[in-house]
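Enquirer: Mind having a look at this structure? Questions to follow.
Values in this text are rule-based calculations from the coordinates and carry no lab data. This structure is a prediction, so every number in the text was calculated from the model and none was measured. With ideal geometry, Cβ positions are generated from the backbone for all residues, glycine too; neighbour counts draw on all protein chains shown.
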Amino acid sequence: MKTKIYHNPRCSKSRETLTLLKEAKEDIEIVEYLNDIPSKTELKAILKQLGLKPEQLLRKGEAIFKAQFKGKTLSDEAWIEAMVANPKLIERPIVIKNGKAALGRPPSRVFDIL
């Protein structure tokens, strides 16, 4: 089974995580999630695998978060819709293998699921 990484090539942590996966000789499926945006259904599945609530997966330092969402209390469904509409809000990288997921922060955390 392939190891899937939701990847942003401009992100240093994402690049480091991808390098670790390559060094571990994983069969990798790279999803550049800013271009290939996960659907609401996919994002819900990812959150379940990570064991996180939607708000915990937000990149709160992003300009779009500060401009549109800072200080707001939204439902889980509304946060998911916000992430699908604005994929820059999704924390990265996310690695999935065998039904388990890990957030590569720090990158070495992905070893927990390999």
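Enquirer: I want the local charge near residue 20. Using Cβ-Cβ distances under 15 Å, sum +1 for each Lys or Arg and -1 for each Asp or Glu among the other residues.
Expert: Combined, the nearby Lys, Arg, Asp and Glu give +4.
Enquirer: Mind sorting 83, 1 by how few other Cβ atoms lie within 10 Å of their own Cβ, fewest first?
Expert: Going from sparsest to densest Cβ surroundings: 1, 83.
Enquirer: What dipole magnitude, in Debye to the nearest 20, does the chain give about its Cα centre under +1 on Lys/Arg Cβ and -1 on Asp/Glu Cβ?
Expert: 300 debye
Enquirer: Right, next: DSSP loop trypsin sites (Lys or Arg not before Pro) in segment 6-101 with at most 11 other Cβ atoms within 10 Å of their Cβ, which ones?
Expert: When the trypsin sites (Lys or Arg not before Pro) of segment 6-101 are filtered for loop state and at most 11 Cβ neighbours within 10 Å, 10, 25, 60, 70, 72 remain.
Enquirer: Enumerate the calculated ³J(HN,Hα) couplings along segment 54-69 in order (Karplus 6.51 cos²θ - 1.76 cosθ + 1.60, θ = phi - 60°), each rounded to whole Hz, writing x wherever the residue is Gly or Pro.
Expert: Whole-Hz 3J(HN,Hα) from phi for segment 54-69: x, 5, 6, 9, 7, 8, 6, x, 5, 4, 5, 5, 4, 6, 10, 10.
Enquirer: With a point put 7 Å past each Cα toward its Cβ, work out how far residue 73 is from residue 41 in nm, to one decimal.
Expert: About 3.2 nm, to one decimal.
Enquirer: Arranged by the count of other C-beta atoms within 10 angstrom, fewest first, what order do 92, 105 take?
Expert: 105, 92
Enquirer: Related question: Any idea what diffusion coefficient the chain gets from Stokes-Einstein, in µm²/s, Kirkwood Rh on alpha carbon pairs, 4 °C, 1.567 mPa s?
Expert: D, rounded to a whole number, is 91 µm²/s.
Enquirer: Then there's this: Compare the Cα positions of 61, 82, 101 along the charge dipole of segment 17-114 (+1 at Cβ of Lys, Arg; -1 at Cβ of Asp, Glu; about the Cα centre) and return the one farthest towards the positive end.
Expert: 61
Enquirer: If I model a spin label at residue 113 and residue 62 as a point 7 Å from the Cα along the Cα→Cβ vector, what separation in nanometres do I get?
Expert: Placing both labels 7 Å beyond Cα along the Cβ direction yields 1.9 nm.
Enquirer: What's the exposure ranking of 114, 58, 21, 50, going from fewest to most Cβ atoms within 10 Å?
Expert: Going from sparsest to densest Cβ surroundings: 114, 50, 58, 21.
Enquirer: Which entries of 72/97; 40/88; 70/97; 22/66 have Cα-Cα distances beyond 24 Å here?
Expert: Result: 72/97; 70/97; 22/66 exceed 24 Å.
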